[in-house]
1. Say we look at the range 140-160 and pick out the residues that are assigned to a helix (DSSP H, G or I) and under 17 Å from the mean Cα position of the chain (by Cα); which of these is nearest to Thr120 (Cα to Cα)?
2. Could you list, ordered by first residue, the pairs with Cβ atoms under 7 Å in which the first is in the range 58-69 and in a helix (DSSP H, G or I) and the second is open to solvent by 20 Å² or more (accessible area, probe 1.4 Å) and among the charged types (D, E, K, R), at least 6 apart or interchain?
3. Suppose we keep only residues that are part of a strand (DSSP E or B) and more than 19 Å from Cys215 (Cα to Cα) within the range 176-194. Which one would you say is most open to solvent (accessible area, probe 1.4 Å)?
4. Right, Ala65: among the small types (Gly, Ala, Ser) and modelled with pLDDT of 95 or more or not?
5. Return only the number of the condition from (1) among the acidic types (Asp, Glu); (2) within 26 Å of Val206 (Cα to Cα); (3) at pLDDT 95 or above that Glu103 does not satisfy.
6. Which of the following residues is open to solvent by 20 Å² or more (accessible area, probe 1.4 Å), within 21 Å of Thr98 (Cβ to Cβ), among the aromatic types (Phe, Trp, Tyr) and at pLDDT 95 or above: Tyr10, Tyr38, Tyr27?
7. If Cys34 passes every condition in (1) farther than 23 Å from Pro134 by Cα; (2) part of a helix (DSSP H, G or I); (3) touching a helix residue (DSSP H, G or I) at 6+ places or on another chain (Cβ under 8 Å) but one, which one does it miss?
8. Please find, within the range 1-30, the residue that is nearest to Gly50 (Cα to Cα) out of those that are touching a residue at least 24 places away in the same chain (Cβ under 8 Å) and among the hydroxyl-bearing types (Ser, Thr, Tyr).
Amino acid sequence: MKNYNGKAIYQPAGRAAEYAKWACNFYVGCSNGCTYCYLKKGRGAKILGGDKPTLKKCFKDETHALEVFEKELKANLPELQEKGLFFSFSTDPMLPETIGLTEYAIDMATDFRVPVKILTKRADWIDYLLPRLPINMHNMYAFGFTLTGHDEIEPGANTNQERIEAMWKLHKAGFKTFASIEPIIDLGSSYKMIQQTIEFCDLYKVGIESGKKYCQLDLDEFISNTFLVGAYESDSKFYFKDSLLKAANIERSELPANCVTRDYNIFKQQ
């Protein structure tokens, strides 16, 4: 059966499907300025790779975008309630320019009992939005932060340390947290990011940079060392992306028990 492909809500394909079964994109373009961003590469760069987020052309304005979102949400409610909804693949949903519509959308989604997953490189929203989130619905939200350990190649984003501090605040407040350790710029920095967050991160998604060459033995050692930082003793789960395992020449069946598949649902106890 062909994947659902609405104006706001859709089912990702390819590598994006390793991140989410369902996603929402309102904007294209991003002001974080990350040098490695896949939105700046390939044939789609002219469409998706702007340095300023702009509302997708299929929407008249933000009010219209929210109307479309509600219609598509209701049309796929059982699946979305089961799998959750990810924000966002074509921008950072927590930029000053995008956070307003994101907030309206996640409020609507959770009102319909649809769990939401938000991935960002921003931390400047935490003191504004955290007090506004309904604590009695903390199991409906999962907040993720991309952590590379390299602020210099993410010039418009908040620092990695600020993101880590925001993750800790969310965890302390009872919300689900996850980290995107992707792309791996260098293995030492990625390992350090895991070390610094292992006590308050529920799920790690780890991946290499597309087109970059890595040493197979180094990747193998990195995966092995990951479980020496306290991962065995913690409740954290790990998802190593297919491309990383292929480059490391490791079969998924060889990974420890706290490594999960792409079907892992962060909102359910497993």
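1. Ranking the qualifying residues of the range 140-160, first place goes to Asn160.
2. Val68/Lys7
3. By that ranking, first place goes to Lys176.
4. Yes.
5. (2)
6. Tyr10
7. Of (1) farther than 23 Å from Pro134 by Cα; (2) part of a helix (DSSP H, G or I); (3) touching a helix residue (DSSP H, G or I) at 6+ places or on another chain (Cβ under 8 Å), only one is false for Cys34: (2).
8. By that ranking, first place goes to Tyr27.
The values are calculated or read from the model by the stated rules, or taken from the named source; none is laboratory data. None of these values were measured; they are calculated from a predicted model. Positions of Cβ are backbone-derived with ideal geometry, glycine not excepted, and every protein chain shown enters the neighbour counts. Just the protein is used for accessible areas: all its heavy atoms, side chains included, with ligands, DNA and RNA removed. Shrake-Rupley method; radii C 1.70, N 1.55, O 1.52, S 1.80 Å.
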